[in-house]
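Enquirer: Once you've had a glance at the structure underneath, I'll fire off some questions.
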Amino acid sequence: MSYFSTLDISASGMEVQKIRLDTVALNLANVNTTRGVDGRPYQPLKVVIGEKVPSQFDSTLSIYQQSLRGPEVVDISPTGASPKLVYKPEHPDANEDGLVAFPDINPVSEMVDLLEATRAYEANVRAVNAAKTMALRALEIGEG
């Protein structure tokens, strides 16, 4: 495995974690959104992660060398969770029974996801730095 493939895998991991962070931030920002552009409560999103699909060139090349692939975002889709109904008759979006439909977002679990994505991003940064250090040390072998 070359240093470049290590960097590529870590870079794709950092990209996936950045998308996870953005999605969690979007969910947290809309925790009290009762009406979106479609008139319905905000639907929380989830990120589906899978293995990066190689290009045709990469798959042809993998015949001759071992090919490692990093993660990629396969889909960002709504969770399908039903909105939670809260009794607030004074709210402008309340129905005839005084219930308001809020998105079913648990801020605590979203914060856990946020921390997990942050730690995974940091781990990928450390892997990039380690690969960079190893490459520099390898260049120093012939010196002196």
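Enquirer: Once you wrap a convex hull around the alpha carbon atoms of the chain, what is its projected area averaged over all directions, in nm²? Intermediate results must be reported in sequence, preceding the final value.
Expert: Working: hull surface 49.6 nm².
Averaged projected hull area, Cα only: 12.4 nm².
Enquirer: Return one number: the angle in degrees, 0 to 90 and rounded to the nearest 10, between the long axis of the Cα atoms of helix 107-140 and the longest principal axis of the Cα atoms of the chain.
Expert: Tilt relative to the chain: about 10 degrees.
Enquirer: Given the pairs Lys18/Lys84; Lys46/Lys84; Lys46/Lys88, which span a C-alpha to C-alpha distance of over 25 angstrom in this model? Walk me through the intermediate numbers first.
Expert: Details: Lys18/Lys84 28 Å; Lys46/Lys84 18 Å; Lys46/Lys88 28 Å.
Among Lys18/Lys84; Lys46/Lys84; Lys46/Lys88, the Cα-Cα distance tops 25 Å for Lys18/Lys84; Lys46/Lys88.
Bear in mind that the values in this text are calculations on the coordinates, not laboratory data. Since the structure is predicted, the reported quantities are computational estimates derived from the model, not experimental observations.
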